[in-house]
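Working notes, structure below.
The values are calculated or read from the model by the stated rules, or taken from the named source; none is laboratory data. On a predicted model such as this, the values are computed, not experimentally measured, just so you know. In this analysis, Cβ positions are derived from the backbone assuming ideal geometry, glycine residues included, and neighbour counts consider all displayed protein chains. For the accessible areas, the whole protein counts, side chains as well, though only heavy atoms, and no ligand, DNA or RNA atoms are used. Shrake-Rupley method; radii C 1.70, N 1.55, O 1.52, S 1.80 Å.
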Amino acid sequence: MAVPNKMLAARLTAHGGPGALELVDAPVPSPAAGEVLVRVDAAALNNTDLWTREGAYGLPGDPHARSGWRGPIDFPRIQGADVAGVVVRLGSGVDSRMHGIRVLVDPANYDQDGDDANPVGLLGSERNGGYARYVTVHADRAHNVEGSPLSNTELACLPTAYGTALGMLERGRVQAGETVAVTGASGGVGLALVQLAAARGATVIAVSSAGKLSAVRHAGAHEVIDRATDPWQQIGSTAADGVDAVLDVVAGTGITTGLPSLREGGRWVVAGALGGYQIDLDIRRLYLHNIVLLGSSMHTPAHFRTLVDIAKRGYVRPVVAATYELADIHRAQADLAARKHVGKLVLVND
Ligand SMILES: NC(=O)c1ccc[n+]([C@@H]2O[C@H](COP(=O)([O-])OP(=O)(O)OC[C@H]3O[C@@H](n4cnc5c(N)ncnc54)[C@H](OP(=O)(O)O)[C@@H]3O)[C@@H](O)[C@H]2O)c1
């Protein structure tokens, strides 16, 4: 496959507004030893792209500091965590059979080897990502998805949103027959939670804004609740004995209001803070009811292998809200921030 020397890429030059992301003619990177060059056929957007651009993650002891999710970003940085594409070049030491295969990229850097390693870095944040025509990744992060019935656009929806959702379900030990509440249910992670929780046999109560409720129900939610109408009171009346788990990407005051919606010994799994990151928690409401409050970041290597299996079998079909060309990245990020859509926004190169 002919690979040019230059490519279009969208890279961050600093933390800031939309202008901090610039479209440039960048050199096509060369894969180092143990890496592969992937032609990016589709790359999905995630809320983390906005927070990374803005530097909205704070730092320990300084919640207002401008920072990426793991600390300072090494600018300039090509954004984009979620890549589906084809391996077009191999670094030294890589199995030659990888050349030409269709791959889904695990965007995580891990803190150690092994199935249960923790993610401590992300494509598009700690190394250059997929808002480009080509990206280099470690060969063992490029997973073979030959034969998947999913399109490239659908595949690209999976890594961050469905990986994070799977991480929440696994860490929260959600089982068939349980009842779960999902917040932010119309978004990337939220809709993935709805689909994956329903697919494993859980009853799903989803919280979303009014205009998106029917789409969330269509994705598999058994009950839908308008987030503008005291959702925790409604969850309490829908699940009279309490829900087994809350899968939460919104946080904020919802945690303090919603904790009594859990059954005795229930699990509250939090992976996002769209509704606010500082809370005033009466800790007695936690320990007197044996509640587990659990932070969840992305996925483990074992979770990602499960995700690849899901992709190969077409076990869930991600909901694609809209596609864009890379040259339209600013419009795509503006649409992501406006949140009028349901599901994933994807950059498509082919
Ligand atoms: N921990 C991790 O590894 C990880 C990974 C991925 C994402 N995240 C975080 O998870 C969160 C969701 O990410 P995403 O990519 O799914 O975002 P997204 O696609 O933008 O979806 C978020 C959804 O949350 C709802 N929402 C937004 N603001 C809200 C508010 N103030 N109160 C209640 N609901 C609100 C919106 O739905 P409605 O309009 O229907 O209410 C929106 O569709 C973000 O905080 C993101 O940074 C964390």
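Descriptive notes on the structure:
- Helices (runs of 4 or more DSSP H) fully within the range 136-224 counting 1 or more residues that are within 13 Å of the ligand (Cβ to nearest atom) and not assigned by TED's automatic domain parsing to the domain that holds Glu35: 163-171, 188-199, 213-218
- Test: residue in the range 195-208 that is touching a residue at least 40 places away in the same chain (Cβ under 8 Å), under 26 Å from Leu123 (Cα atoms) and within 13 Å of the chain's Cα centre (by Cα): no
- Boolean, Arg70 is open to solvent by 40 Å² or more (accessible area, probe 1.4 Å), closer than 24 Å to Gly188 by Cα and touching a helix residue (DSSP H, G or I) at 6+ places or on another chain (Cβ under 9 Å): no
- Residue, nearest to Ala192 (Cα to Cα), within the range 35-67, restricted to residues that are open to solvent by 20 Å² or more (accessible area, probe 1.4 Å) and part of a loop (DSSP other than H, G, I, E, B): Tyr57
- Scanning the range 236-258 for residues that are in a helix (DSSP H, G or I) and either touching a residue at least 12 places away in the same chain (Cβ under 8 Å) or under 14 Å from Ser208 (Cα atoms) (or both) yields Gly236, Thr238, Thr253, Gly254, Ile255, Thr256, Thr257, Gly258.
- Residues located in the range 263-278, provided they are part of a loop (DSSP other than H, G, I, E, B) and more than 11 Å from the ligand (Cβ to nearest atom): Gln278
- Taking the range 328-344 as the range and being part of a loop (DSSP other than H, G, I, E, B) and either more than 8 Å from the ligand (Cβ to nearest atom) or buried (at least 17 other Cβ atoms within 10 Å of the Cβ) (or both) as the test, the residues that pass are Lys340, His341, Val342, Gly343.
- The range 91-109: number of residues that are in a strand (DSSP E or B) and surrounded by fewer than 20 Cβ atoms within 10 Å (Cβ to Cβ): 2
- Of residues in the range 279-306 being away from the ligand (no atom under 15 Å from the Cβ) and part of a loop (DSSP other than H, G, I, E, B), the one most open to solvent (accessible area, probe 1.4 Å): Asp280
- Selected residue [crowded, with 24+ Cβ neighbours inside 10 Å and out of contact with any strand residue (DSSP E or B) (no Cβ under 6 Å at 6 or more places or on another chain)] from Gly211, Gly187: Gly187
- Condition check for Gly121: part of a strand (DSSP E or B) and either among the aromatic types (Phe, Trp, Tyr) or surrounded by fewer than 20 Cβ atoms within 10 Å (Cβ to Cβ) (or both): yes
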